[in-house]
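Please read the structure below before turning to the comments.
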Amino acid sequence: MKVHESINFKGEAAAIEPRLIALRRELHQVPEIGNDLPQTQALVLQALNGLPLEIHTGLSLTSVVAVLRGRGQVPTDTRRPTVLLRGDMDGLPLTEETDLPFASTNGFMHACGHDLHTAGLIGAALLLSAHLDDIPGDVVFMFQPGEEGPGGAEPMIAEGVLEVTGQRPDAVYGLHVVAHKTAGEFSIRPKTIMAGVGELEITVTGRGGHGAEPHKSMDPVPVACEIVLALQSYLSRRVNVFDPVVITVGEIHAGSAVNIIPDSATLKGSVRVLSDAAFDQIARDLPLLSDGIAQAHGCLADTRVEKFYPPTVNDPDETAFVVQELTAMYGPDRVKILEHPWMASEDFSLLLQQVPGAFILLGANPGQLAKEPLTNHSPEVVFDDVVLADAAAILAQLAYDRVVSYIRPTSGVTTL
């Protein structure tokens, strides 16, 4: 049987970097949001055209699933291995405020770097397709809409992305660019790497009236404001500091004129947690908190707390494998083990609940900003697309080496 040799995807990725940068900048100009991304899907299909891939498009969303069937030899007594690589494609409902020559002008923005994720995954498909005869297994490329909401991983799982090759993947990998970290720096940690997220909505109902006579009404606006402040006091006094929670109220809606006291006021926000127990506590306590404050002012409060994505939890063995691969490719100075999770959230977590794998953070700060680096989701944020070669190379390397490891087990991987 053929011995599977090591492949230098890092060197090969450098050769296709200009192509990936051009593709990323084209994607950046046409961001789309949610699960309906027709322009983005068309660009992905165009970029994959001609590669030796089985292409599947989504039924309920504009996803793309591409399957590479490797032609490398697999022993007759060995199950054919499969690895899944995922990249998300959607943007944000945000107007771009950069001076980039390829900036979006359609009112949406790739402010979280998903255009880099898409281009990087296409790069991995290009690299692996060039070694079809060497790959003793299958690789699934999962191009996912809706990560920012309403969630694209769940419907893709329901439509069979995890069974597209005929069997479940042995491992899943993905990565996320981070605007405030040094370009080319990889970060990872075993177990929880990103928070789970839920949505909070509280509607305070009072009694409207004339703005000149508030005593004849029951004004819900100051009650809603008091609840916003009380949420932060609640977090500091009632939540275990070793199982942290972050609540951010991002929307407050009330009223239609400056001289009218409205009947109701609504606030909406996000809830970030690192454990299911913390979310259960929030879901139990916040209705009591908001209703108590509202009743003290003669109003009523209706509170909804809905779980959105669970925490992103890396498999310890797969994390150790990723660290080994990253260190071999880029050296230990470019690989950081995070001390704490990142409190952002990801629906890649749903894949990790079903298949062992790991999620990687890749710094993409262009290093040219005079002020403190901006974060993902800022309308002014800029990502350095020089990291695309690294993204493509590590995804391809992980897929190839993990497939080969099932044919010829690797040694030296220890749990972090």
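The values are calculated or read from the model by the stated rules, or taken from the named source; none is laboratory data. As the structure is a prediction and not an experimental result, all values here were calculated from the model. With ideal geometry, Cβ positions are generated from the backbone for all residues, glycine too; neighbour counts draw on all protein chains shown.
A few remarks follow.
- Residue check, residue 61 surrounded by 15 or more Cβ atoms within 10 Å (Cβ to Cβ), more than 22 Å from residue 106 (Cβ to Cβ) and not hydroxyl-bearing (Ser, Thr, Tyr): no
- The residue that is farthest from residue 292 (Cα to Cα), counting only those in the stretch 226-245 that are surrounded by fewer than 17 Cβ atoms within 10 Å (Cβ to Cβ) and in contact (Cβ under 8 Å) with a residue 12 or more places away in the chain, is 243.
- Apart from one condition, residue 284 fits all of (1) in a helix (DSSP H, G or I); (2) buried (at least 17 other Cβ atoms within 10 Å of the Cβ); the exception is (2).
- Test result for residue 166, under 23 Å from residue 125 (Cα atoms), in a loop (DSSP other than H, G, I, E, B) and not charged (D, E, K, R): yes
- Residue among 146, 160 that is surrounded by fewer than 24 Cβ atoms within 10 Å (Cβ to Cβ), farther than 20 Å from residue 395 by Cα and of a type outside the set (Ser, Thr, Tyr): 160
- Across the stretch 97-126, the number of residues qualifying as surrounded by 24 or more Cβ atoms within 10 Å (Cβ to Cβ) and outside any strand (DSSP E or B) comes to 16.
- Subset of the stretch 189-244 (residues that are among the aliphatic types (A, V, I, L, M), in a loop (DSSP other than H, G, I, E, B) and in contact with a helix residue (DSSP H, G or I) (Cβ under 8 Å, 6 or more places away or on another chain)): 239
- Counting the residues of the stretch 21-36 that are among the hydrophobic types (A, V, I, L, M, F, W, C) and either outside the structural domain of residue 110 (by TED's automatic domain parsing) or in contact with a Pro (Cβ under 8 Å, 6 or more places away or on another chain) (or both) gives 1.
- So residue 32, is it more than 22 Å from residue 394 (Cβ to Cβ) and either buried (at least 21 other Cβ atoms within 10 Å of the Cβ) or among the charged types (D, E, K, R) (or both): yes
- Checking every residue in the stretch 204-227 against the condition of being at pLDDT 95 or above and within 29 Å of the chain's Cα centre (by Cα) gives zero matches.
- Residues of the stretch 86-130 classified as in contact with a helix residue (DSSP H, G or I) (Cβ under 8 Å, 6 or more places away or on another chain) and farther than 15 Å from residue 394 by Cα, total: 11
- A single entry from 46, 73, 41 fulfils the requirement of being in contact (Cβ under 8 Å) with a residue 40 or more places away in the chain, in the same structural domain as residue 385 (by TED's automatic domain parsing) and either among the hydroxyl-bearing types (Ser, Thr, Tyr) or under 25 Å from residue 153 (Cα atoms) (or both): 41.
- Some residue of the stretch 42-50 being in a loop (DSSP other than H, G, I, E, B) and either among the basic types (Lys, Arg) or modelled with pLDDT of 95 or more (or both): yes
- Residue list for the stretch 339-375, restricted to those being part of a loop (DSSP other than H, G, I, E, B) and over 14 Å from residue 183 (Cα atoms): 339, 340, 341, 346, 347, 353, 354, 355, 356, 370, 371, 372
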